[in-house]
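Just so it is clear, none of the values below were taken in a lab; they were calculated from the coordinates. The structure presented is a predicted model; accordingly, all values stated were derived computationally and were not measured. Positions of Cβ are generated from backbone atoms using ideal geometry, with glycine treated the same way; all protein chains shown enter the neighbour counts.
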Amino acid sequence: MSTADVYGVLRAAHFEIALPTESIEQVVSRPEILCIPDPGRYVSGALRRGDQLIPLVALSKLLLGEEDARTKPDLALIVRCGGRLAALSIDGIVKVTRPNALTLSDLESDTNHRTLFPRFFRDPESGEAVAILDPAALFAHDGIRSLADRPAAEAEHTSTSGKLKLACFRCSGCIFALDISNVVRAIHAEENTITPIGMSFVPSYWELDGAQTPMLNLPRFLRLPQPSTSSRPTRGLLIRHESRQIGIEIDDVLGAIEIHASAIASIARSGIPNAEVYRGILRRGSDSILVLDLGALLEHDQIRSIAVAAASPADHTREAGQQQSFVVYESGRGLLASALRDMEGIIPLPELLSLGQSDAVFQGFLEWRGQSVSVLDLGALLGNPLEYLNVSRSVLITRSGDELHGFVVPRVESLVLAAPQPVPPIACKDFPNLTQMIQLSAQGIRRNVMILDLLALTAPAIP
């Protein structure tokens, strides 16, 4: 007989189950568990072994559908299958045995259990049936597969030598850290003009240093668990990498720490969503700290377009009074820009109230901050109406006297800080009413975007 015929019998979640000993790699007593972002339904954290992060499967959740009441397991069993690793939270090792015969399982539970436990054997001493856990089926399970695909993640973003000084802050119950050289300063909400917008993970812009800065809600972006109750943020952190900056909503600043870079466990290619924006996870006392790679964060597809250029003092001196914040959006006839200072807010298109008087331009009303807002199709005003309305559209809300108007656009692309320039005469032939433009530069490509004054638009009278 080979080692495949020898089984370790272990106790977990009031069950006795078995694993082939050739799949068992290590037993860890009182394991230190790292909290990992978005672990999934059956993973309660991760164990660190060298530069590896090994997902810890909560067997009580997998078998019973409920978590063990204890916060930490007494033992963790590390298993290997086809070059992949996972750890199982267990109560104890019962024995190692070589059964006389294996029988196909006919569990009357759900299909999930029949897949995970396809065979069983009779304990030669007690005569009880012991279900055999199939490691391959475990690693293929929907709630485990992505995290177990590449647990031995190389430290791509983390140097193995040298020291790092990190700034730590708390946000929605999670602790984050980033290189202290990327932190410009902490900011307070009451000191800034806040413009709400409709993006889930960028809920508002704060006016900082004369420019509108997007404020990122990290837990929403990183798909971390959210608190049951939420309140408006009172503090923020202005962060910068090279020539771009963004703000982060925070609860409080925890201070600075200095560590060896090798203390950070990488989660690169771990299967965790947005893993590329982390340098890794740091264990500090009883806390797990999520260490961010700010350069990778600002290069993320969903963040790159909203991070704004950081203007130096020299820029402000050279162009004092000229640079403004503009919202760049799709209009139905190409990109346009409008001054952010003219907008009361930017929100996703809700279900509109109709009085049976809508036409090609006027689409209905919405209620916003206790006021009625008439909603217009900006594309129709410009001669290119939208084919349909849905929640993916955005509404730019402006105020004219006591009246609020909303302009529906297909999407908002970004917020930029730019100085308006005259439109070349040849371009004015196609856009006679648009006489100013801004230049956008991305990946070496320059684009001219016309400026539309939303406050000067003449909307047809509502019938």
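With the simple spin-label model, which puts each label point 7 Å out from Cα in the Cβ direction, the T115 to E32 separation comes to 3.6 nm. The length gained by stretching the chain between R220 and R304 to full extension, at 0.36 nm per residue less their Cα-Cα distance, is 28.6 nm.
Report note on the peptides 411-417, 433-439: ranked by the mean count of other C-beta atoms within 10 Å, highest first, their order is 411-417, 433-439. Summarising the amide proton neighbourhood of V43: residues at separation of 5 or more, or on other chains, whose placed amide H is nearer than 5 Å comprise A58.
Taking the DSSP bridge list for the stretch 163-309 and keeping only pairs wholly inside it, about 90 percent are antiparallel. For the peptides 33-45, 90-102, residues were scored by their other Cβ atoms within 10 Å and the scores averaged per peptide; the highest-first order is 33-45, 90-102. With a ≥ b ≥ c the root eigenvalues of the C-alpha gyration tensor of the stretch 241-298, is it rounded (a/c under 1.5), prolate (a/b larger than b/c) or oblate? Cα axes put the stretch 241-298 in the oblate bin.
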